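Single-structure report; data block below.
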Amino acid sequence: MTTLHSKIIGKGSPLLILHGFLGMSDNWKTLGGQYAEAGFEVHLIDQRNHGKSFWSDDFDYDLLAEDLKAYMEAHHLDRAAIIGHSMGGKTAMQFACSYPELTDRILIADIAPKFYPPHHQAIIDGLNALRLETMTSRNEADAALGQYITDFGTRQFLLKNLYWVEKGQLGFRFNLKVLSQKMNEIGENINPTDMYNGPTLFLRGDKSEYIMPNDLTEIKKHFPQAELQTIDRAGHWLHAENPTQFFEKSLAFLKG
């Protein structure tokens, strides 16, 4: 089995960080550096079909959790704390439930253990409409994507995945074909009877609707020790929108 790609920084207790859908490890570079300074060996990980990790036609949370187990074995990690955002949060939940003996604690950023109906269709349509084979610059790609996605920040997040496959040929780091086909899997819940009884923190953005107050019952069913805290002035990308408060709350939990 191919091992996930990662960037490892710092020394100390292992901390694995998992990005969200259509993201990559690089999204966490700044915060990762801060955790490293705080005494962690930080593993910024690209999940399958994302970043520089391998591509596969198979994609679900059980497999993403298995990928993480294989990664820990390859890097000789006995136990680790895990931070997961959005899709990465679902991976972290499934991993902790499937492999509690490998899990020190989990921090879940702005996602709940429930099914989310597919809601990224406009983004997927916009990305699939891009004719990268004829494009010569990121600005050209941005202008074309702007016809589908008006929010500048979202476009910049997506276009970070653009790279020169070879001279004159742009490509995406994520596996757009497979991810377009697996939209239902992205929204899937963890297995219904799964439970992890270790330290768990859910962080939600105060402007986000991904975790609602009535989700707490379901959260506690799967994660009896879970706490839910709110990041101020932040939406779904809470770690990017209020990194100072995110770092403070997360570090207090990780060091607890």
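The values are calculated or read from the model by the stated rules, or taken from the named source; none is laboratory data. Values in this document were obtained by computation on a predicted structure and should not be read as measured data. Ideal geometry is used to build each Cβ from the backbone, glycine not excepted, and the neighbour counts take in all protein chains shown. SASA here: full protein model, heavy atoms, side chains in, ligands and nucleic acids out. Shrake-Rupley method; radii C 1.70, N 1.55, O 1.52, S 1.80 Å.
Please work out if Ala96 is among the small types (Gly, Ala, Ser), modelled with pLDDT of 95 or more and touching a strand residue (DSSP E or B) at 6+ places or on another chain (Cβ under 9 Å).
yes
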Top-ranked residue of region 67-113 - restricted to ones that are over 20 Å from Met24 (Cβ atoms) and of a type in the set (D, E, K, R), ranked as least open to solvent (accessible area, probe 1.4 Å): Arg105
Counted residues, region 187-199 - those being open to solvent by less than 20 Å² (accessible area, probe 1.4 Å) and more than 23 Å from Leu254 (Cβ to Cβ): 1
Looking at Phe246, Phe223, Phe253, Phe202, which one is in contact (Cβ under 8 Å) with a residue 12 or more places away in the chain, of a type in the set (Phe, Trp, Tyr), over 23 Å from Glu101 (Cβ atoms) and surrounded by 17 or more Cβ atoms within 10 Å (Cβ to Cβ)? Phe246
So which residues in region 7-51 are of a type in the set (Val, Ile, Thr) and open to solvent by 10 Å² or more (accessible area, probe 1.4 Å)? Ile8, Ile9, Thr30
State all residues of region 24-78 that are part of a loop (DSSP other than H, G, I, E, B), among the polar types (S, T, N, Q) and out of contact with any Gly (no Cβ under 8 Å at 6 or more places or on another chain); if no residue qualifies, say none. Asn49, Ser53, Ser56
Testing His119 on (1) modelled with pLDDT under 95; (2) assigned to a helix (DSSP H, G or I), one condition comes back false. Which one is that? (2)
In region 1-23, what residues are over 18 Å from Met93 (Cβ atoms), in a loop (DSSP other than H, G, I, E, B) and in contact (Cβ under 8 Å) with a residue 40 or more places away in the chain? Met1, Thr2, Thr3, His5, Leu22
Can you confirm whether Arg155 is out of contact with any Ser or Thr (no Cβ under 6 Å at 6 or more places or on another chain), open to solvent by less than 40 Å² (accessible area, probe 1.4 Å) and within 26 Å of Ile45 (Cα to Cα)? yes
Of the residues Ile149, Ile108, Ile124, which is assigned to a helix (DSSP H, G or I) and under 22 Å from Asn49 (Cβ atoms)? Ile124
